[in-house]
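Below is one structure, written out as structure tokens, with a few remarks after it.
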Number of protein chains: 2
Amino acid sequence: MKITCSKSKLLEGVQIVSRAVPNKTTLDIMQYIMVEADDNFVKMTANDTDMGIETIIEATVEEPGKVALEAKIFLDIVRKLPDNDVLIQTDERFQTQIICENAKFNIIGKEGEDFVYLPGVEKSDSVEISQYTLKEVIRQTIFSINENDNNKQIGGECFEIKENLLRVVALDGHRISIRRIGLKKSYTGKKVIIPGKALNEISKIVPGDADKDVTIYFMDNHVAFEFDSTLMVARLIEGDYFPIDQMLSSDYETKIHIHKQSFLNCIDRATLLVKEGDKKPVIMNITDENLQLKINSTIGSMNESIAINKTGKDILIGFNPKFLIDALRVIEDEEIDIYLVNSKSPCYIKDTDGKYIYMILPVNFTTVS
Amino acid sequence: MKITCSKSKLLEGVQIVSRAVPNKTTLDIMQYIMVEADDNFVKMTANDTDMGIETIIEATVEEPGKVALEAKIFLDIVRKLPDNDVLIQTDERFQTQIICENAKFNIIGKEGEDFVYLPGVEKSDSVEISQYTLKEVIRQTIFSINENDNNKQIGGECFEIKENLLRVVALDGHRISIRRIGLKKSYTGKKVIIPGKALNEISKIVPGDADKDVTIYFMDNHVAFEFDSTLMVARLIEGDYFPIDQMLSSDYETKIHIHKQSFLNCIDRATLLVKEGDKKPVIMNITDENLQLKINSTIGSMNESIAINKTGKDILIGFNPKFLIDALRVIEDEEIDIYLVNSKSPCYIKDTDGKYIYMILPVNFTTVS
């Protein structure tokens, strides 16, 4: 193999596929990037079998061929090369030279006969979504999953398509985060659970252009994301997702309208009195026109009042502050509505258009003023 | 005590004195900041006895008094307050309220009767240096000390003043870094060893204004740095410093003139083939007009040539790349001169004006192609 390409294009490609290289693995070959030069293009692939990424880079191919290069060292080398054309050539023993200006690296490559390529992608069933929207919807929900839970479904997000609507749901045992997005056209219904790891990685490698799309392909056991010259394939989480709609209620006894940033800053301040690992709730005392937030800990106490619009009953309720902060941080609205029933029932932060619902369970607290 | 001051001034003050609060200590009171309100000003002090900092902040004092507040929580609270006036008041049991807009914090303070104040500063013997220059000279030398060495003197820097020159020296067993700075006037001679920790902290809290000075006070066992409204006092390291001048030589057999950034980038690239903790030298083969840099490791090999101007003999010499990188990073000159004797003798990177000397010992290497 003998190829030439620009350092910047090469770096971009190696960085993208490196996202599929696991930190630890028992299978040595998973630490490698497979570089394949065809007559006209160069393809790089990395795959840990739960998730794989391939990308095509612009290059001049003098001699087709392939070589597997250890991902970490390959990335380190490319990153530090001068900003110029890079020549990569391998001999029959897969010794690889990487040459740029006066710098010449020699590393030992592999044939990679045990390399596992991406599973074939059936392109029959697909959905288009803008790069920007995909990144955003993941950011706005992913904090609610728990990848360490015994229940594997909690480690993924449910992507559900009905006609021209995509609903993304993430939950752990304490909260549910839901985003609803309008698509440009209607599709046949689908519902899959995509692992959190794949979603985290795809949201990092997608450039996030609002004018460019990602195509999502739905298969029986896999999902694939395709954008620009890159394809990611991830294994789906098996089984049925939780019956979300049965868990949600639109009844409420109290509704408050509050300035989001003031509320967020206030909870943020209260939280600093809580030592890490300590599960102190923030207690909100909601009365007419006023939300008083209180926290008591071994370090000290804090209270602060925020002006609100309230309809319905007064209520005293406690929450894990982290759950409120997580949700408030990803809501764009300046003013938000919060719906409450009683101190034992979940609260709902939601808009009137159904674009988002954040359900959070309250926590018990002992009332010491 | 009852005082009011702006959040920004308060935060600046708490951040500065927090630098003297040790992470771990057996003495509880060292984790506290002493806040003292006199009729006209508020002074904050923290002191771990090796190093202490006090700073004056602008404030309106309604009721003089004092209180010791736990540094970490005090800093956390102030940092998260809204950007407005802050009221701090304590009762007779040192319960402390911190109030800003609608946020009201209660924390438990202390009388601080066991608090150790800064030692008195004799202001008879002092030197003025610009804030910028002090920060720079520390940055340009501090990497050469070793605070974990058995020899305490290696954990500090030698500040030596002769007439209108300040010479700062730092060394470990493998290298010596020297900077010489012209002062605005002449002073009586002095020579002290200042602990690395104090220098690191002072270089962080000094704003670095080129038009403002730091006054350095020299005492028998302490040194003090005064700037703006802040005073830091540090205990000196006892004993005589190393006889540096005897260690330096100006003889050389080979002199090379090289582009600093190209050389630095080249060493940086070579280093990526070295696993952390592995002590692989970079080998430089210096011939006429050419410096060839080579590294061989278990990961692979790299070689690169750089154009140089050389006078004197050819030489093959190996160095710990980190030591070269440390020195090259802090030299401002675009082109530098390196002086060499033979493969067993130190190299000197130095300018012709005597502003800097970086001496680095070579390392042995086995010559495998």
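Here, each number is a calculation from the coordinates, and none is a lab measurement. These numbers were taken from a predicted model, which means no experiment stands behind them. Note: ideal-geometry Cβ built from the backbone for every residue, glycine included; neighbour counts use all protein chains shown.
Overall, the protein assembly as shown carries a charge dipole of about 700 debye about its Cα centre when +1 sits on the Cβ of Lys and Arg and -1 on the Cβ of Asp and Glu, all other atoms neutral. Across the options A:LEU69, A:CYS266, A:ILE194, the greatest Cα extent toward the positive end of the charge dipole of chain A (unit charges at beta carbon of Lys, Arg, Asp, Glu) belongs to A:CYS266.
Note on A:LYS275: aspartates and glutamates with a C-alpha under 20 Å away, same-chain residues under 8 apart excluded, are A:GLU304, A:ASP326, B:ASP28, B:GLU70, B:ASP76. The spread of Cα positions in chain B, taken along each principal axis and listed from longest to shortest, comes to 78, 50, 37 Å.
Over all directions, what mean area does the Cα convex hull of the protein assembly as shown project, stated in square nanometres?
Approximately 39.0 nm², given one-decimal rounding.
The spacing between segment A:232-249 and segment A:263-284, judged by their C-alpha centroids, is 31 Å. Sorted from shortest to longest, the distances between the B:ASP28 label points of this copy and the other copies are 5.8 nm, with each point 7 Å from Cα along the line through the beta carbon. Label-point spacing for A:VAL121 across the identical copies (point 7 Å from Cα in the Cβ direction), in nm and ascending order: 6.5.
Placing a label point 7 Å from the Cα of A:THR352 along the Cα-to-Cβ direction, the distances to the matching points in the other copies come to 7.8 nm, shortest first. Using Cβ point charges alone (K and R +1, D and E -1), the dipole size of chain B about the Cα centre works out to roughly 1240 debye. Could you sort out which of A:LYS72/A:LYS104; A:LYS123/A:LYS191; A:LYS185/A:LYS260 sit more than 21 Å apart by Cα distance in this structure? Result: A:LYS185/A:LYS260 exceed 21 Å. When +1 charges are put on Lys and Arg Cβ atoms and -1 charges on Asp and Glu Cβ atoms, the dipole computed for segment A:13-121 relative to its Cα centre reaches about 480 debye.
For chain B, a Gaussian network of Cα nodes joined below 10 Å ranks B:THR25, B:THR45, B:THR141 by mean-square fluctuation, and the top entry is B:THR25. Using the Karplus relation 6.51 cos²θ - 1.76 cosθ + 1.60 with θ = phi - 60°, the per-residue 3J(HN,Hα) values for segment B:188-197 come to 6, x, 8, 7, 9, 10, 9, x, x, 4 Hz, with x marking Gly and Pro.
The relative contact order of chain A, computed from alpha carbon pairs under 8 Å that lie at least 6 residues apart in sequence, is 13 percent.
Between the helical axis of B:7-18 and the longest alpha-carbon principal axis of chain B there is an angle of about 60 degrees.
For B:THR366 and B:GLU289, what does the FRET efficiency come to when R0 = 25 Å and r is the distance between their Cβ atoms, rounded to the nearest 0.05? Please list the in-between numbers first.
On the way: r = 27 Å, r/R0 = 1.08.
About 0.40, to the nearest 0.05.
Calculated mean residue ellipticity at 222 nm for the protein assembly as shown: -5000 deg cm²/dmol, from DSSP H runs with n ≥ 4 weighted as -39500 (n - 2.57), summed, divided by the residue count and rounded to 500. Scaled against the 2.2 N^0.38 Å expected of a compact globular protein of N residues, the Cα radius of gyration of segment B:203-257 reads 1.79.
Could you pull out every one of the aspartates and glutamates with an alpha carbon less than 20 Å from that of A:LYS344, ignoring same-chain neighbours closer than 8 positions? Those aspartates and glutamates meeting the cut-off are A:ASP172, A:ASP245, A:ASP251, A:GLU253, A:ASP314.
Extension gain, B:LYS275 to B:LYS152: 0.36 nm times the residue separation minus the Cα-Cα distance gives 41.3 nm.
With Cα atoms defining each centre, segment B:1-50 and segment B:312-338 are spaced 44 Å apart in the structure.
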